[in-house]
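The values are calculated or read from the model by the stated rules, or taken from the named source; none is laboratory data. This is a predicted model, so every value here is computed, not measured. Here the Cβ positions follow ideal geometry from the backbone for every residue, glycine too, while neighbour counts run over all protein chains shown.
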């Protein structure tokens, strides 16, 4: 796919739609277009977190394996959302398995490439930190809310 | 109050259980017919009745049926205490006491001509089901309808057949999310506010109605506010310890309001200052 086309796709993704042209070009230099079919795994817990994904279509479930209880699904990520933040937080390892539950079309960003760009251009790095801090904050709030078991007795 | 089955709102009338539907493992719906004629029973979506398990006590339960159907008055009940436990053990043909309806209702008239966004969790869907029936009975008078519904697990979802049916209706978006599940569930997992990511609200033209645990409502209000929905267009249903139902006993007092009489439905600006206070 042409870089120009990717730029157009990125412009419509809520996570980066308001990025400056300059920062968008940096992102595009590390992007590829990917697809995953239902039932496949995008990554597994413990593996190196080399990428993050902007979902354009489909749905992914994050799973934790808990011994005899098997896989517990704790969150789904859908269209317009971001999958993966471990690429930006040391030691850059995935904490969950990512199981595709609806065929996925996504943009995959090379984490190592982006970390190098973040080090070289701190303005760009700060933009990334701001955006991924929001993802982490939302995840943290959601996790606390789920732990409260608000619908229980 | 719009009581029309009994002149004295403090005296229960006998009501026969016509049907019992178990919605989940611990939640059931009683369809009741008052002895003095269910056909004369009128209620507004959002109102509640006091159901009396003889010899045990009363419990405030929202009416969950279609307001246009008078023959059976439905109450969806979560079995959590002594009264609801006894109610859960009754059978078809048994008699309980009924007082009501009490309180005000959801702003179904005010919502005419607008989009309606219903956000609910757990048993909170029950008092909003009559709103959906009212809208569907007068479909042309409303814009787009969004139902965002959160539950503990797929097995805890209420009205599953209806949720599927409503989701197939034109200009009706039904999004369901659960806190936890196994791999057989293909829907969303997470908190109910996450569902806002999958809908587009016309914020200026939307009336939001929220019912669920107070912490869920708090997060939902924050999300609606961030998305630009004016707070005067947001309505919530409060839950307090309702006893008399007519604003006399004070058990359900919330600041200067009596939830049983002035509520349970409030426009958010009426109660927002009290939601943040621990003592209230």
For this session: State yes or no: is residue B:148 crowded, with 22+ Cβ neighbours inside 10 Å, within 14 Å of chain A (Cβ to nearest Cβ), touching a helix residue (DSSP H, G or I) at 6+ places or on another chain (Cβ under 9 Å) and under 23 Å from residue B:109 (Cβ atoms)?
Result: yes
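Tally time: how many residues in the stretch B:147-157 are touching a residue at least 60 places away in the same chain (Cβ under 8 Å) and within 18 Å of the chain's Cα centre (by Cα)? Steps first, please.
To start, the set of residues in the stretch B:147-157 that are touching a residue at least 60 places away in the same chain (Cβ under 8 Å) comprises B:150, B:155-157.
Next, from what is left, pick out any that are within 18 Å of the chain's Cα centre (by Cα): B:150, B:156-157.
The total comes to 3.
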Exercise. Which members of the stretch B:124-145 meet the condition of being in contact with a strand residue (DSSP E or B) (Cβ under 9 Å, 6 or more places away or on another chain) and touching a residue at least 60 places away in the same chain (Cβ under 8 Å)?
Worked result: B:124, B:125, B:126, B:127, B:128, B:129, B:130, B:131, B:143
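Quick check on residue B:85: is it over 14 Å from the mean Cα position of the chain (by Cα), in a helix (DSSP H, G or I) and farther than 14 Å from residue B:265 by Cα? Walk me through how you get there before you give the answer.
On the way: over 14 Å from the mean Cα position of the chain (by Cα): yes; in a helix (DSSP H, G or I): yes; farther than 14 Å from residue B:265 by Cα: yes.
Against the criterion (over 14 Å from the mean Cα position of the chain (by Cα), in a helix (DSSP H, G or I) and farther than 14 Å from residue B:265 by Cα), residue B:85 qualifies.
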Problem set entry | Unique residue being at pLDDT 90 or above, within 27 Å of residue B:28 (Cβ to Cβ) and outside any helix (DSSP H, G or I) when the list is B:148, B:163 | B:148
For this session: Sort through A:65, A:13, A:44 and tell me the only one that's in contact (Cβ under 8 Å) with a residue 24 or more places away in the chain, closer than 17 Å to residue B:189 by Cα and surrounded by fewer than 21 Cβ atoms within 10 Å (Cβ to Cβ).
Result: A:65
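With respect to residue B:225, determine if the residue is facing chain A (nearest Cβ under 10 Å), in a helix (DSSP H, G or I) and modelled with pLDDT of 90 or more. Walk me through it before giving the result.
Values: facing chain A (nearest Cβ under 10 Å): no; in a helix (DSSP H, G or I): yes; modelled with pLDDT of 90 or more: yes.
Criteria not met by residue B:225.
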Problem set entry | Scan of the stretch B:190-199 for residues that are more than 7 Å from chain A (Cβ to nearest Cβ) and assigned to a loop (DSSP other than H, G, I, E, B), ordered by number | B:199
For this session: Give the residue that is farthest from residue B:62 (Cα to Cα), with candidates limited to residues of the stretch B:200-216 that are touching a residue at least 40 places away in the same chain (Cβ under 8 Å) and within 11 Å of chain A (Cβ to nearest Cβ).
Result: B:216
Exercise. Can you find even one residue in the stretch B:62-71 that is at pLDDT below 95 and farther than 29 Å from residue B:267 by Cα?
Worked result: yes
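When you scan the stretch A:96-128, how many residues do you find that are more than 14 Å from chain B (Cβ to nearest Cβ) and either surrounded by 13 or more Cβ atoms within 10 Å (Cβ to Cβ) or within 30 Å of residue B:239 (Cβ to Cβ) (or both)? Explain how you work it out, then say what you get.
First, pick out the residues of the stretch A:96-128 that are more than 14 Å from chain B (Cβ to nearest Cβ): A:105-128.
Cutting the leftovers down to either surrounded by 13 or more Cβ atoms within 10 Å (Cβ to Cβ) or within 30 Å of residue B:239 (Cβ to Cβ) (or both) gives us A:105-115, A:117-118, A:121, A:124-125, A:127-128.
Number satisfying all stated conditions: 18.
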Seminar exercise, completed: Taking the stretch A:60-70 and keeping residues within 8 Å of another protein chain (Cβ to nearest Cβ) and over 17 Å from residue A:143 (Cα atoms) leaves A:70
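Could you tell me whether the stretch B:173-189 includes any residue that is in contact with a strand residue (DSSP E or B) (Cβ under 9 Å, 6 or more places away or on another chain), more than 11 Å from chain A (Cβ to nearest Cβ), surrounded by fewer than 19 Cβ atoms within 10 Å (Cβ to Cβ) and not in a helix (DSSP H, G or I)? So that I can check it myself, show each step before the final result.
First pass over the stretch B:173-189, keeping only residues in contact with a strand residue (DSSP E or B) (Cβ under 9 Å, 6 or more places away or on another chain): B:173-183, B:185-189.
So of that shortlist, the ones also more than 11 Å from chain A (Cβ to nearest Cβ) come out as B:173-174, B:176.
Now narrow it down to the ones that are surrounded by fewer than 19 Cβ atoms within 10 Å (Cβ to Cβ): B:173.
Retained after the next criterion (residues that are not in a helix (DSSP H, G or I)): B:173.
Checking the stretch B:173-189: at least one residue is in contact with a strand residue (DSSP E or B) (Cβ under 9 Å, 6 or more places away or on another chain), more than 11 Å from chain A (Cβ to nearest Cβ), surrounded by fewer than 19 Cβ atoms within 10 Å (Cβ to Cβ) and not in a helix (DSSP H, G or I).
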Exercise. Which one is nearest to the other protein chains (Cβ to nearest Cβ), of the residues in the stretch A:130-144 that are touching a strand residue (DSSP E or B) at 6+ places or on another chain (Cβ under 9 Å) and closer than 18 Å to residue B:180 by Cβ?
Worked result: A:142
Exercise. Somewhere in the stretch A:76-95, is a residue over 24 Å from residue A:14 (Cα atoms) and within 11 Å of another protein chain (Cβ to nearest Cβ)?
Worked result: no
Exercise. How many of the residues making up the stretch A:111-128 are touching a residue at least 60 places away in the same chain (Cβ under 8 Å) and in a helix (DSSP H, G or I)?
Worked result: 8
Exercise. Which of (1) loosely packed, with under 15 Cβ neighbours inside 10 Å; (2) at pLDDT 95 or above does residue B:11 not meet, given it meets every other one?
Worked result: (2)
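Inside the stretch A:1-104, counting only strands (runs of 3 or more DSSP E) that do not spill past its ends, which hold 3 or more residues that are under 27 Å from residue B:193 (Cβ atoms) and at pLDDT 90 or above? Step through it out loud before you land on a result.
Numbers: elements: A:31-36, A:41-43, A:51-65, A:71-78.
Per the criteria, A:51-65, A:71-78.
Go through B:113, B:97 for me and flag whichever is closer than 20 Å to residue B:32 by Cα, away from chain A (no Cβ under 11 Å) and surrounded by fewer than 18 Cβ atoms within 10 Å (Cβ to Cβ).
Numbers: B:113 fails: closer than 20 Å to residue B:32 by Cα.
Selected residue: B:97, the only one of B:113, B:97 that is closer than 20 Å to residue B:32 by Cα, away from chain A (no Cβ under 11 Å) and surrounded by fewer than 18 Cβ atoms within 10 Å (Cβ to Cβ).
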